[in-house]
Structure formats: C-alpha cells, structure tokens
Ligand SMILES: Nc1ncnc2c1ncn2[C@@H]1O[C@H](COP(=O)(O)OP(=O)(O)OP(=O)(O)O)[C@@H](O)[C@H]1O
Ligand SMILES: [Mg+2]
C-alpha cells in the first residue's frame, strides 16, 4: 500500500498538534472551572464572615442586619440561613437553605469550628446545583451556631461555558492556521525529496548530466550535494571508459590496417608460387618479398609489445654512466649506409667529457629511432648528433635539414601509429608510426624530457634532456 510522504508528514504534524491542544485545553478548562468555583466560595465565606461579625458587634440589631443582608444577597441570587448550636434554624432569610439536610459527619466538623465549603452540590438542597458555605460562629472556643450561605451554580457554569466557548474558538483558529502551516511545510519537504527522486530516476535511465540544488542547511541539502558529487564522479568514469574504448577501437583499427598490407603481399606471393603463376626468374624476388614482409610483421608485433611493456612499467632500466661521444659515433657508424643512400651526411659534435646516466641499450634504441627518422625525412642534407652538459643535465640534440613537420601535426607525432603523411608510408622497412611513441615512453621512464622544434621545409631538431641523477632507475 502506498501512503504518500506528504500525507505522512501532514498527519504526523496534525496528530501531534491535536493531542497537544486537547491536553492543554482540558487542563485549562479544569483550571478555569476550579478558579471560578473557588472565587465563588471565597465570596460566600467573606459574606458569612461579615454577617457573623456584624451580628457579633450588634447582637440587638440582629433582625435588621439579617434583613439588610438578605436584600443585598438576594440581588446576587444568594440565600442564607442562621442556625444555633443544636443546628436548629432560628433565622431564615427568604427561602433560606435548611442546615439539617447536611450529613451528620459534616455537622460534626462544623461544630468543631471548621468552615464547610462545597463548590458544586446537586442533592442537599433539591435538584438545582449550588455552591454553599457553612461558617460556624465560635466564641471563646465555644460553638454557638453559624451561618449557611448558598448560591446557585447556574451563573457560575454560564461563565465557565463562556470561557470554554472562547477557548474552543481559539483552538479552532489555531488548528486552522497549523493545518495550513503543516501542509505548506510538508509540501516544501516533499518537493525537495521529489527533486532528488526525479534526478535519481534520470540517472538510472542513463542521463548522467543532472544536478540538484544543494546546500549545507540540513541533511536533505547534504544528500543533494552528495548526489551531485556522485553524478560528477559517474560522469568522469563514463568519459574515461569512453576514451579507453575509443583508444582500444583506434588501436585495433590501426593494427589491422598495418597488418593488411604485409599479409596481402605474403598471401599474393604464396598463391602465385602455389599456382605456378610466377616465372622462374622472379621466384627468388617473390620469396625475398615474403621474407621482408614477414620481418615487418614481426617488427610490428615486437614494437607493440615493447611499447606496452614500457608503458606498464614491466621493463627495468640498468642505468650507467655512458660517454656520450662514443655512443653518438656508434649511431653514426650504424646508420652511415642508410644516410649515404639518401646523400645525407651525419656529423657528431660532442665533448669527450660529456656523460649521460642511462640504460645503454635503451639509449641506443632512442637515438637510432630519432636519427633514422631524420634520415627518412631528409635528402641531400645534414644530420647533426650533438651532446653537451647543462648544469646537472645532459642534453642530446638530433637536428636535420629535412622536410620538417607541420606545426599542426607536431603534437601528434608522439602518438602510436601516427604518421604525418600517409604518402610517405612506402618504405618497406618501417613507418608504422611507432618509433617516436616508444622513444617518448623510454624517456619518461628515464625521468627525462624530449622536445621537438621543427620548421616546414627547413628541418627538425629533437632535444632530449637526461637528468643525471645516479641510480635513478625505476
Ligand atoms: N625528423 C623528422 N622530420 C620530419 N618528420 C618527422 C621527423 N621525425 C618524425 N617525423 C614525423 O613523425 C611521424 C612519426 O614518427 P615515428 O618515428 O613515430 O613513426 P615512423 O617513423 O613513421 O614509423 P616507425 O618509426 O614506426 O618506423 C613520422 O611519420 C613523421 O611524419
Ligand atoms: Mg620512425
């Protein structure tokens, strides 16, 4: 069964208010009633006292005093009667109450000198309710009789009724106002919760771009700010997942693309050989082509594995102090033929004192990759391999006078499979666009930095900075 939260709130407010009003008004009505009766009784007692004292002072004027008082009291709807020590009435005002109607116990108490006060009585003097007081007259410790004064309740209860009526109106107005207030408060609360609930259903429906008004004012406000934080976190995670997924997709399509050319060549040559479609003289050429392409595939797989290993910190560097000039000369020697093929000259400019703290094999890998690129993109030019020290660091520069890189593309050259110009992918020995991404990861692993400065058609300069912190292997 569904019981709306607004109604729950409303009913709980209202029930508390009603109980509070009931208790308060009952207490108040009771208090007012006893106050009014007490007042009445006090009035009767003081009249009784006055009559007794007047008679006491002027015993000879008793008749006149009684007449006087009975006129005054009858105007106030009060009646009284006098009695002697035997409780016999000896002077009764107009239709005064009969003392012998009282209980013997009550009479005994009166004879002892106690004033009897009865706030509301319906049996002693007929069915009409009265308030009555019996005041004994004691002189020198002796009981001589007393006075009995009664007043009908009707006046008193009419007054109480009026007060109660007034009380009822006040309660009704207060109840009305509190109904209204409670309804407004309940709606206010429910609306705030509703906003949260709507936002939550949007999130569960897959829309993570929602926000609810938050505050530090109360728990609902804090819940809202927690909710916003949660949604922001989900958003960030979703973006991360999306970019990871994009990268994965891009990687798969890049790898497939790179695989297709060598595999097509291999498959074509093998089909040709199988069907004897290749003339005898060209067979060796075909087999060489298959071998080259197979090597290319192996390089693709190895370099990808290498990249992943470096990225996920799976390789260990063995850092040592290496004389830079020697290394640069090795590179020059290794790439001499390739440079010659494109009419390039390689110049090494390094001080024999300059050392670099690095992993030897990985340093060679870095320099070969960059220098090979320079040879690839330079014809009839010069390639400088420079080494120098700068404060505590070792700087290696590889500069060429080649085609340069478009400023728009400079940022991308570090990405896996990025090749600036698709038309340049004709080189059968490489150009997967993997070289520089591996270089970058290796330099990061060495805690070094690499920058590139290039101008279209003028040349390119790579600057590597190795920090010479000893034993900084990761
Ligand atoms: N010295 C350079 N001059 C001009 N462009 C360069 C130079 N070095 C790199 N580039 C550009 O950066 C791209 C990425 O280089 P990278 O070494 O990563 O890949 P690649 O040489 O094309 O292929 P791979 O190194 O896998 O054989 C190159 O394709 C080229 O467009
Ligand atoms: Mg390269």
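Give me the number: length gained by fully extending residue 234 to residue 220, i.e. 0.36 nm times residue separation minus the C-alpha to C-alpha distance, one decimal in nm. It would help to have the intermediate numbers written out before the result.
Values: separation 14, 0.36 × 14 = 5.04 nm, distance 2.07 nm.
Extending this stretch completely gives an extra 3.0 nm.
Residues of region 183-206 with amide nitrogen under 20 Å from the 7 Å Cα-to-Cβ point of residue 14?
Residues 183-191 qualify, since their backbone N sits under 20 Å from the label point.
Starting from the Cα of residue 247, step 7 Å toward the Cβ, then list every residue of region 290-331 with an amide N under 14 Å from that point.
307-313
Hey, what does the equivalent ellipsoid look like for region 315-467, semi-axes from the Cα gyration tensor as sqrt of 5 times each eigenvalue, largest first, whole Å? Let's see the in-between values first.
Details: eigenvalues 112, 63, 41 Å².
In descending order the semi-axes read 24, 18, 14 Å.
If you take all C-alpha pairs in region 5-159, what percent of them are over 21 Å apart? Before the final figure, lay out each step's value.
Details: 6168 of 11935 pairs.
Everything past 21 Å amounts to 52 percent.
Along each of the three principal axes of the Cα atoms of region 223-369, give the extent in whole Å, ordering the values from largest to smallest.
So the three principal-axis extents are 81, 59, 28 Å.
Which value in nm describes the separation of the simple spin-label points at residue 255 and residue 56, placed 7 Å from the Cα toward the beta carbon?
So the two model labels end up 12.2 nm from each other.
Can you tell me the 0 to 90 degree angle between the C-alpha axis of helix 153-204 and the longest principal axis of the chain, rounded to 10?
10 degrees
So what is log10(I(q)/I(0)) for the chain at q = 0.08, 0.09, 0.13 1/Å, when the Debye sum runs over its Cα atoms only?
With one equal scatterer per Cα and no solvent, log10 I(q)/I(0) is -0.78, -0.86, -1.19.
Taking 37 °C and 0.692 mPa s as the conditions, I'd like the Stokes-Einstein D for region 5-83 in µm²/s, using the Kirkwood hydrodynamic radius from alpha carbon pairs.
On the way: Rh = 16.6 Å.
Result for D is 198 µm²/s.
Take every Cα pair under 8 Å in region 315-467 that's 6+ residues apart, average their separations, divide by the length, and report that relative contact order as a whole percent.
Values: 287 pairs, mean separation 36.1, N = 153.
Dividing the mean separation by the residue count of region 315-467 yields 24 percent.
Can you give the FRET efficiency to the nearest 0.05 for residue 284 and residue 340, using r as the Cβ-Cβ distance and R₀ = 25 Å?
0.45
Label-point separation (nm) for residue 297 and residue 109, each offset 7 Å from Cα along Cα-to-Cβ?
In this crude label model, residue 297 to residue 109 measures out at 12.2 nm.
What distance in nm lies between label points placed 7 Å from Cα along the C-beta direction at residue 185 and residue 32?
The modelled label-to-label distance comes out at 2.6 nm.
What angle do you read, to the nearest 10 degrees and between 0 and 90, between the alpha-carbon axis of helix 435-445 and the longest principal axis of the chain?
Helix 435-445 sits roughly 60 degrees off the main axis of the chain.
Angle check, please: helix 5-57 long axis (alpha carbons) against the longest principal axis of the chain (alpha carbons), in degrees 0 to 90, nearest 10.
20 degrees
Quick note: the coordinates plus some simple rules give every number you see, no bench work behind them. Given the structure is predicted, the values throughout are model-derived calculations rather than measurements. For neighbour counting, all protein chains shown are included, and Cβ atoms are generated from backbone atoms with ideal geometry for every residue, glycine included.
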